[in-house]
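The values are calculated or read from the model by the stated rules, or taken from the named source; none is laboratory data. Just so it is clear, the structure is predicted and the values come from calculations on it, not from any experiment. Cβ placement follows ideal geometry from the backbone for every residue including glycine, while neighbour counts extend to all protein chains displayed. Side chains included, ligands, DNA and RNA excluded: accessible areas come from the protein's heavy atoms. Shrake-Rupley method; radii C 1.70, N 1.55, O 1.52, S 1.80 Å.
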Amino acid sequence: MSNTTFVHTNRPGPRAKRLQEMLRVDHAGEYGAVQIYKGQRAVFDRLPQKARLSRLLKEMEEGEQKHLKAFDGLLAEHNARPTAFAPVWNIAGFALGAGTALMGEKAAMACTSAVEDVIEKHYAEQAEELGDTEPELRDTILEFREDELEHKDTAIEEGAEEAPGYGLLKGVIQAGCHLAIRLSEKV
């Protein structure tokens, strides 16, 4: 009889771990986006003169809900957990949405434009990293990237760049998005 002890771990290999990080951060991003739209709608839904904008935000939120549902399934499929920061992103996303909506329609659109700009670039980087190793996931990410680009274009058409302090607002929001990405990947 040997004195060798075998230790079994459930730790994923480096590739599986990286996929879990990608899925965790993508899930967190879609969750945050849903919360941003909910925050914006909490303001604009109460203003009858903003009914058209509220409908537009609801359509974009529904797109993010579709993405979130897909990432819910992908987390389960790849045995990945959501980020521990989800409660923070819940509050922060809603507050960002409501706060920019309270600043006005163009500020709300600046928020959307800034967030979607970061997310679409993030998805492009992920798709490139995945290459042909995970073609289904890459294709899903590229499909969602197209949706994010559409949201960004809509926000710009709705006057995002005309928001007072647009450059500063965009910079602050994007810095927050980059921080959220880094934190959500790991925690």
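Some points to look at:
- 15 Å beta-carbon shell around Ala95, net charge (K/R +1, D/E -1): +2
- Column: log10 I(q)/I(0), Debye, Cα scatterers of the chain, q = 0.10, 0.13 Å⁻¹: -0.41, -0.65
- Its Cα gyration tensor gives the range 106-187 an equivalent ellipsoid; the semi-axes, largest first and in whole Å, are 26, 16, 7.
- Each residue of the range 135-142 was assigned a 3J(HN,Hα) from its phi angle through the Karplus curve 6.51 cos²θ - 1.76 cosθ + 1.60 (θ = phi - 60°); the sequence is x, 5, 5, 4, 5, 4, 4, 5 Hz, with glycine and proline shown as x.
- Exceedance of the 26 Å cut-off in Cα-Cα distance is limited, within the set Lys17/Lys170; Lys17/Lys38; Lys50/Lys121; Lys50/Lys152; Lys58/Lys106, to Lys17/Lys170; Lys17/Lys38; Lys50/Lys121.
- For the range 113-187 versus the range 59-92, the spacing of their alpha-carbon centroids is 15 Å.
- Each stretch of four or more DSSP H residues adds -39500 (n - 2.57); spread over every residue of the chain, this sum gives -27500 deg cm²/dmol at 222 nm.
- Cβ-placed point charges (K, R +1; D, E -1), dipole of the chain about Cα centre in debye, nearest 20: 960
- Computed from phi, the 3J(HN,Hα) profile of the range 22-37 under the Karplus parametrisation 6.51, -1.76, 1.60 (θ = phi - 60°) reads 4, 5, 4, 6, 5, 4, 4, x, 5, 4, x, 4, 4, 5, 4, 5 Hz, with x in place of Gly and Pro.
- Karplus-derived 3J(HN,Hα) values for the range 42-55, using 6.51 cos²θ - 1.76 cosθ + 1.60 with θ = phi - 60°, are 4, 8, 6, 5, 8, 10, x, 6, 10, 4, 4, 5, 4, 5 Hz; glycine and proline are entered as x.
- At R0 = 35 Å, FRET efficiency that the Cβ-Cβ distance of Arg15 and Glu59 yields, to 0.05: 0.45
- Cβ-based net charge around Gly104, under 13 Å, with every Lys or Arg adding one and every Asp or Glu removing one: -1
- Each Lys and Arg adds +1 at its Cβ and each Asp and Glu adds -1 at its Cβ; summed about the Cα centre, the range 77-187 shows a dipole of about 840 debye.
- Ligands, DNA and RNA excluded, the heavy atoms of Glu161 present near 110 Å² of accessible surface to a 1.4 Å solvent probe.
- GNM top mover of Tyr37, Tyr166, Tyr123 - the chain, alpha-carbon springs below 10 Å: Tyr166
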